[in-house]
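A.B. asks: Take a look at the following structure, please.
The values are calculated or read from the model by the stated rules, or taken from the named source; none is laboratory data. This structure is a prediction, so every number in the text was calculated from the model and none was measured. Virtual Cβ from ideal backbone geometry, glycine too; neighbours counted across all protein chains shown.
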Amino acid sequence: MGLFDWLTGQFIDVIEWTDDSHDTMVYKFPRQNNEIKYGAKLTVRESQMAVFVNEGVIADVLGPGIYELETKNLPIMTSLEHWDHAFNSPFKAEVYFVNTKRFTDLKWGTKNPIMVRDPEFSMVRLRAFGTYEMRITDPKQFMNEIVGTDSHFTVDEIDEQLSNLIITKFTTTLGESDVPVLDLASNYEKFSEYISEKIAPYFGEYGLHLTKILVENISLPEEVEKALDKRSSREITGNLDDNIKYQTGEALGSDTGGSMGEMIGMGAGIAMGQTMADSLNANKTDKQTPPPLPKLDTTMYYVALSDEREGPFDMRTIQQLIIENKVTKHTLIWTEGLEDWVEAYTILEKEFNATPPPLPKR
């Protein structure tokens, strides 16, 4: 090392940092074995904090302002080596500038579709994405938990971890929600508020504050979107007759002109369409109204089988038990309306008469 380099190292008297990168969270003042002069000026600007590290230990955290590095001005830093003696020799310390501004327009999004239940479509796969904002509120904790000895720490180095936290909470929230897929768009704000409330403590563990989170879009798979488009088209079109009239009006209102053959062809198409519509309407009126469905026997029966009460059974099951000879004429049976158990023959006589006798033994 030359003499000039050594002299430069002995006279660092201004310590400051200006940032034009917009994504730097922590910046280490480039000391490179230089000693900081006793009485040097430290400038900490708005939206910054300065962290002093001595022998691997955070000694002090300073807010915005201009500081003269002397023990009388920085009593907390008297713990630094030789500062308690208050002599004018240089000292060695690492200075980190922490950017406390709000970092905005940070992206989050699902890497894979989320499978959720839906009251209308049964089960669907959803994708979601949005943005969030955050800032450093506890520089000491952020340095200890995240930065370590990184001399130039940017948003990209922690963005993926924070995005994963958001996606995890969003997936849980969406899975627990009973909101139909078609109504999700009207609930983006509620989702944002709920997720922000639930995930803020996790950001706090890193010394960060989640200032805002936005859900920008929740999308369906392409095939489901196509099905919805077809459904919307049918509802907009209405019945066939109105649809034909609408398309006819569109054709007649066209100003592109055309030959007589085109007009004749269009007229034939209109006539054919009207014929089809009339035929469909006629079929609707010609159909006979089916008779009402027969009333089903909903009576339930309890049966005494092997001295145990079994049931309740419906009539179809009773008929099968009779066929299998598990219920005989003298089997005790009970149903609602009877005061006591009775033999099956007394209330199911026609069922036994309709049952063929067992095959004779060979």
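A.B. asks: Among the residues of region 218-239 satisfying the criterion of being assigned to a helix (DSSP H, G or I) and of a type in the set (A, V, I, L, M, F, W, C), which is modelled with the lowest pLDDT?
C.D. replies: So, considering only residues that are assigned to a helix (DSSP H, G or I) and of a type in the set (A, V, I, L, M, F, W, C), the one modelled with the lowest pLDDT is Ile236.
A.B. asks: Which helices (runs of 4 or more DSSP H) does region 126-205 wholly contain that include 2 or more residues that are among the acidic types (Asp, Glu)?
C.D. replies: Those helices (runs of 4 or more DSSP H) span 156-176, 188-204.
A.B. asks: Exactly one of (1) exposed (fewer than 12 other Cβ atoms within 10 Å of the Cβ); (2) among the aliphatic types (A, V, I, L, M); (3) over 17 Å from the mean Cα position of the chain (by Cα) is unmet by Met123. Its number?
C.D. replies: The number of the failed condition is (3).
A.B. asks: Counting only residues that are acidic (Asp, Glu) and at pLDDT 85 or above, which one in region 21-53 is nearest to Ile158 (Cα to Cα)?
C.D. replies: Among residues in region 21-53 that are acidic (Asp, Glu) and at pLDDT 85 or above, the one nearest to Ile158 (Cα to Cα) is Asp23.
A.B. asks: Can you work out which of the residues in region 325-357 that are surrounded by fewer than 12 Cβ atoms within 10 Å (Cβ to Cβ) and under 56 Å from the mean Cα position of the chain (by Cα) is nearest to Leu305 (Cα to Cα)?
C.D. replies: Glu336
A.B. asks: Related question: Please identify the pairs in which a residue from region 146-171 that is closer than 21 Å to Gly204 by Cβ has its Cβ atom under 7 Å from the Cβ atom of a residue that is basic (Lys, Arg) and assigned to a helix (DSSP H, G or I), counting only partners at least 6 apart or on another chain.
C.D. replies: Partner pairs satisfying both residue conditions: Lys169/Lys198.
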